[in-house]
Amino acid sequence: MSSAWQAVWAVVKKDILAELRTKETLSMMLIFVLLAVFIFNFAFDLRVENVREVAPGVMWVAFVFAGVLGLNRSFIQEADKGCLDGLLMTPVDRSLIYLGKMLGNLIFMLAVDAIALPVFSVLLNLALVRWDIALIVVLGTLGFAGVGTLFSAMTANTRAREVMLPLLLFPVALPLVLAAVKATAGVLDGASLGEVANWLNLLIGYDVVFLTISYLTFDYVVES
Amino acid sequence: MERWGVGKIAIFLHGLAGAAVLTALYMALVFAPREAAMGDVQRIFYWHVATAWVGFFAFFITLIASIAYLRTGRRRWDIVALSSVEIGLAFAVIMTVTGSLWAKPVWNTWWTWEPRLTTVAIMLLIYATYLLLRRVIEDPGRRARFAAVYGIAGFVSVPITFMAIRWWRTIHPVIFKSEGFDLSPAMLVALIVSVAAYSLLYVSLLLLRTQLEFLSDEAAELRESLDE
Amino acid sequence: MKGQVERWPAVEARGISKAFGRYRVLRGVDLRIQPGEFVALLGPNGAGKTTFLRILATLSRPSEGRAWINGQPLDGDTRRVRQQIGLVSHQTFLYGDLTAEENLRFYGRLYRVPALEERIAELLQRVGLYERRHDPVRTFSRGMQQRLSIARAVLHDPPVLLLDEPDTGLDQQAARMLRELLSLMGAEQRTILMTTHQLERAREMSTRVAILAGGQIRWDSPTAHLSTAELAEAYMELVERRPANALPGASA
């Protein structure tokens, strides 16, 4: 067990190390997240009266689009110099490689979310930095990173790969995003976590189901 | 390459499916009583429920065939998964259109973003993407594997769609509840006949579609042997 | 099961076939390599050399046939097989943003190499990159990257080394250095299988030459008394007689 986690951790550390050297993916995701909020601001003319209703949707759409940017780069980087083959040749279980890549993607997304939330709070004039929202963000991002990592390993090997990832991912992730938006809207309207429990249950159920499916099928996606 | 469904049994089955669909038409249009509140427009319900059932069932078959493909790597399971998505998508579209036709007089709108309709839209999108995914992958082995993974992951939308009217408050009617159904006996008979008829039609179409794919494989192989 | 008395062949392939849909790239490759042999696998582009090596490297599954590395089957639990093979290809498998040392450390952890830091230092010195160990691989020349790639492939001391046209895209000097390194690796009693389409180089470096054409091994001979002219004649005859069919994607 401990050697399994060493392998997972080696993959996570490698991704973080490479990212910290260039900071390309993180800065791209961050700029995109902010851009999305600006665009929504102009498009919907967010005002004090309606911002509370629109903010959860704006926030999650921005997170999801930025997440796709990060996911797209995740396996295209591996495909670049054949590194994925190098990884697959190591005597490490392929599901562990999935876990490593997934955790790396999750960490990048959560880092972007953590920076974006205070900025959103200021721009939208809403208190979004709260522990209940943080919990919803973690649950929502976990499932998104889970199934997104599987699909990005798939699309890195297809034609039109940058376009294919969102096409595959968005419809499958929609129930998750929907639940996250509803739960966020609920707690923003003053509901307790217990009162949005049905949405949280959907989030948790989605996370469990899709992490399991991805963990079990990753091997088939990377074999050739 | 082996072939499925060639011969007398298949021809008998296609004939049976045709007769069953005609019977179902009669049951829905003539046999079933006129519904008191909605009038004749309610009769669309027999197609709507039957095609919905076949659509869901077809995607379930795709799930099973996809798992079987990943386990065995046999081309025939890939063919079943693909064929079932194509047929299921056709039935799911019919379900959506008939639902919409019914909704116009009853709800006074073609479409509304309530839970059942939203989840159905997502489901249609997922299986349309399944077909798109197959087109952008050149290597057939990889195409089959990726499609199988997507066929498994995408299936999660099916139970969500099915449960949508039970989990959330919605204006979509719920016919089958744990307590029983809201149907008169004659209506129930008409519904059962419709569901059986369109299920038979599904089996018959699945046979034809898989056979077509086997033949196309054979033709490709013959063409290749000519090239050499 | 064979008796343990006889030594396992280092590499054994029986009836390996691989089809990408309708394109049949390999049509029953049989090859047996004894420990310590250096086999050069020749063949025209698209003959399936890379595909064959990828199958032996557990990166690709054969459509038919079986293969063993040191007696361990490739269709069972391949983790133990993977511990025993190293692959050098024209792709380097290196992360451009990481330094030479970080690349080796990453792979070393996944291979669970004991005394990793000493091993890394030793290998970097041997491939002449110790001074540049803290530089990102992106800044390396093609030849330097290929040297580091060899260090990466032998990091876990695999008894079997697979080389897929390792000198593609290298200049004369880098290619010579690569050859010196490779003969050094061969001297350590490693079994080497190398694909190439350079006849002269194949004859010089290897102990045995095999030619893959039309998806099968068509010619197989020790190099000890083989002249380049003889080899060229055999090669031309096989390749001329059966022109390589265009196989899109098959050599990737």
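A compact table of results
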{"read-out": "In Å, descending, principal axis extents of the Cα set of the range A:126-224", "value": "51, 25, 19"}
{"read-out": "Volume in Å³ per residue [convex hull over Cα atoms, computed for chain C]", "value": "135 Å³"}
{"read-out": "Residues in the range A:1-35 that, when all protein chains are in place, have 50 Å² or more less accessible area than the chain alone would give (probe 1.4 Å)", "value": "A:ALA10, A:LYS14, A:ARG21"}
{"read-out": "Residues of chain C: accessible area per residue with a 1.4 Å probe, Å²", "value": "44 Å²"}
{"read-out": "Average beta carbon contacts from partner chains per residue of B:125-138, 10 Å cutoff", "value": "4"}
{"read-out": "Interface area, A with C, accessible, probe 1.4 Å, both sides summed, Å² nearest 100", "value": "2700 Å²"}
{"read-out": "Listed residues C:LEU110, C:LEU59, C:GLY76: farthest to the positive end of the dipole of chain C (Cβ charges)", "value": "C:GLY76"}
{"read-out": "Under 14 Å from the Cα of C:LYS49 - aspartates and glutamates, other chains or at least 8 residues apart", "value": "C:ASP30, C:ASP164, C:GLU165"}
{"read-out": "Separation of alpha-carbon centers, the range B:196-213 and the range C:24-64, rounded to whole Å", "value": "43 Å"}
{"read-out": "Spin-label pair B:ARG166/C:GLU230, simplified geometry with 7 Å Cα→Cβ offset, distance in nm", "value": "7.8 nm"}
{"read-out": "Stokes-Einstein translational diffusion, the range B:1-80 - Kirkwood Rh over all Cα pairs, 1.567 mPa s, 4 °C, in µm²/s", "value": "82 µm²/s"}
{"read-out": "For the protein assembly as shown, alpha-carbon Rg relative to the globular expectation (2.2 N^0.38 Å, N residues)", "value": "1.13"}
{"read-out": "Portion, in percent, of the accessible area of the range A:2-223 that falls on carbon or sulfur, probe 1.4 Å", "value": "68 percent"}
{"read-out": "Long-range HN-HN contacts of C:THR195 with modeled amide H, under 5 Å", "value": "C:LEU41, C:LEU163, C:ASP164, C:GLU165"}
{"read-out": "Heavy-atom accessible surface of chain B: percent carbon and sulfur, 1.4 Å", "value": "68 percent"}
{"read-out": "For the range A:2-223, accessible area per residue (1.4 Å probe, heavy atoms of protein chains only), Å²", "value": "39 Å²"}
{"read-out": "Nearest 10 degrees, 0 to 90: helix C:142-154 Cα axis against chain C principal axis", "value": "80 degrees"}
{"read-out": "Total accessible surface hidden between A and B, rounded to 100 Å², 1.4 Å probe", "value": "2300 Å²"}
{"read-out": "Between helix A:94-124 and chain A: long-axis angle, C-alpha atoms, 0 to 90°, nearest 10", "value": "20 degrees"}
{"read-out": "For chain A, diffusion coefficient by Stokes-Einstein and Kirkwood Rh (Cα), 25 °C, 0.890 mPa s, µm²/s", "value": "136 µm²/s"}
{"read-out": "With Cα atoms, 0 to 90° folded angle of helix B:185-227 axis to chain B main axis", "value": "20 degrees"}
{"read-out": "Helix-only mean residue ellipticity at 222 nm for chain C, each DSSP H run of n ≥ 4 adding -39500 (n - 2.57), per residue, nearest 500", "value": "-10000 deg cm²/dmol"}
{"read-out": "Paramagnetic label zone (point 7 Å from Cα along Cα-to-C-beta, B:PHE60; backbone N under 12 Å) in the range A:157-179", "value": "none"}
{"read-out": "Accessible area (Å², per residue) of the range B:9-219, counting only protein heavy atoms and a probe of 1.4 Å", "value": "46 Å²"}
{"read-out": "Compactness of the range C:16-160 - radius of gyration and Dmax, Cα, Å", "value": "16.9, 50"}
{"read-out": "A:ARG52 versus C:LEU184: modelled label distance in nm, points set 7 Å from Cα along the beta carbon direction", "value": "7.2 nm"}
{"read-out": "Computed magnitude of the charge dipole of the protein assembly as shown (debye, nearest 20; Cβ of K, R +1, Cβ of D, E -1)", "value": "600 debye"}
{"read-out": "Radius of gyration, Dmax [the range B:9-219; alpha carbons; angstrom]", "value": "18.4, 57"}
{"read-out": "Choice from A:MET28, A:MET102, A:MET154 with maximal GNM fluctuation in chain A (Cα, 10 Å cutoff)", "value": "A:MET28"}
{"read-out": "Over 22 Å between alpha carbons, listed pairs A:LYS101/A:LYS182; A:LYS182/B:LYS104; A:LYS101/C:LYS18; A:LYS23/A:LYS182; A:LYS14/C:LYS18; A:LYS13/A:LYS81", "value": "A:LYS101/A:LYS182; A:LYS182/B:LYS104; A:LYS101/C:LYS18; A:LYS23/A:LYS182; A:LYS14/C:LYS18"}
{"read-out": "For the range A:37-120, radius of gyration divided by Kirkwood radius, i.e. Rg to Rh on alpha-carbons", "value": "1.17"}
{"read-out": "Kirkwood Rh and Cα Rg combined as Rg over Rh, evaluated for the range C:123-195", "value": "0.94"}
{"read-out": "At least 50 Å² accessible surface lost relative to isolated chain, residues of the range B:142-174 (1.4 Å probe)", "value": "B:ARG142, B:ARG145, B:PHE146, B:VAL149, B:TYR150, B:ALA153, B:VAL156, B:TRP168"}
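The values are calculated or read from the model by the stated rules, or taken from the named source; none is laboratory data. Everything numeric here is computed off the predicted structure, so don't read it as measured data. Cβ: placed from backbone, ideal geometry, glycine included. Neighbour counts: every protein chain shown. Note: accessible area is taken over every heavy atom of the protein model, side chains too, but ligands, DNA and RNA are not part of it. Shrake-Rupley method; radii C 1.70, N 1.55, O 1.52, S 1.80 Å.
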